[in-house]
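Written out below as structure tokens is the structure these notes cover.
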Amino acid sequence: MAKSKKQRKPKLAVWKFASCDGCQLSLLDCEDELLGVAKHIEIANFAEASRAISKGPYDISLVEGSITTPHDAERIHQVRRQSKILITIGACATAGGIQALRNFKDAKQFVSMVYANPKYIETLNKSTPIADHVFVDFELRGCPINKYHLLEVINAYLNGRKPNIPTYAVCVECKRRFVPCVAVTQAIPCLGPVTQAGCNALCPSYNRGCFGCYGPKETPNTSALSSYLLAQGRSREELVHLFRNFNAYSEAFRKESEAHEK
């Protein structure tokens, strides 16, 4: 009897655009879990982990980073053409990242202040998320992402199901950990009520307000939070700074910060 052909492992590629590499490292941080993942997929293109590269097409592509240069704006289309499923990971890829703060100003001013020869710098006026350029199958939030969420998303797509990622607020995580509300008990400005869960209420557990690392939750009521903070005596300038963080250019946070800008 002839032996059956060995089933091909799905190919996984990891791509970097404008970012700090933190979300890519989340995959390497899986450590023991990574061995289990490697049994079921071929990590075919991952410059952060290996120089060995297998040519596409790829079954799954993980994309970190925002689009900030004309070259990247073209390259992301090349990645999309090679990828059956494209998943963006992290605040940079899903919302433009911290570098999207330049979107509220004239980028040319920053270039002239930072670089001795600005004429050699070729950059777009705005830092934009991947979904502004190509179709994205799934957006995984976080700065950085939760490694267990990443494993869940990869597992889901390998098995043809929808990823089970929370869309509720960080406040739910606070309650589950029995963390007293820092906004109510200490009057600390906190984005927890409008931010998607994923960090296990890390900052509130250390008596710090949520910084919004995971971006807006599903149907965030940002105006209600702003009204509450204004009633506490916070200034509109403080609200602008509060919403302009790792996910400053996400639609909900951007509109709310602009609503309080002079």
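Does the stretch 28-42 contain any residue that is within 23 Å of A131 (Cα to Cα) and either out of contact with any His (no Cβ under 7 Å at 6 or more places or on another chain) or acidic (D, E) (or both)? Within the stretch 28-42, none of the residues are within 23 Å of A131 (Cα to Cα) and either out of contact with any His (no Cβ under 7 Å at 6 or more places or on another chain) or acidic (D, E) (or both). If the condition is being in a loop (DSSP other than H, G, I, E, B) and among the hydrophobic types (A, V, I, L, M, F, W, C), then the stretch 122-166 contributes L124, V134, F135, V136, C143, I165.
Matching residues to (1) at pLDDT 95 or above; (2) in the same structural domain as D21 (by TED's automatic domain parsing); (3) more than 29 Å from G198 (Cβ to Cβ); (4) hydroxyl-bearing (S, T, Y):
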{"position": "Q82", "(1), (2), (3), (4)": "yes, yes, no, no"}
{"position": "L86", "(1), (2), (3), (4)": "yes, yes, no, no"}
{"position": "A91", "(1), (2), (3), (4)": "yes, yes, no, no"}
{"position": "G97", "(1), (2), (3), (4)": "yes, yes, no, no"}
{"position": "R102", "(1), (2), (3), (4)": "no, yes, no, no"}
{"position": "D106", "(1), (2), (3), (4)": "no, yes, yes, no"}
{"position": "Q109", "(1), (2), (3), (4)": "no, yes, yes, no"}
{"position": "I121", "(1), (2), (3), (4)": "no, yes, yes, no"}
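Of the listed requirements (1) touching a residue at least 60 places away in the same chain (Cβ under 8 Å); (2) closer than 20 Å to V134 by Cβ; (3) hydrophobic (A, V, I, L, M, F, W, C), V14 misses just one: (1). Of the residues A13, A38, A73, the single one that is closer than 25 Å to A100 by Cβ, of a type in the set (A, V, I, L, M) and surrounded by fewer than 18 Cβ atoms within 10 Å (Cβ to Cβ) is A73.
For the stretch 26-46, the count of residues that are within 20 Å of the chain's Cα centre (by Cα) and either modelled with pLDDT of 90 or more or assigned by TED's automatic domain parsing to the domain that holds R254 (or both) is at least one. Condition test on C143, is it in the same structural domain as C92 (by TED's automatic domain parsing), closer than 29 Å to E238 by Cβ and surrounded by 20 or more Cβ atoms within 10 Å (Cβ to Cβ)? Taking the combined requirement at face value, the residue satisfies it.
The values are calculated or read from the model by the stated rules, or taken from the named source; none is laboratory data. Not measured: the values here are computed from a predicted model. We place every Cβ from the backbone using ideal geometry, glycine too, and count neighbours over all the protein chains shown.
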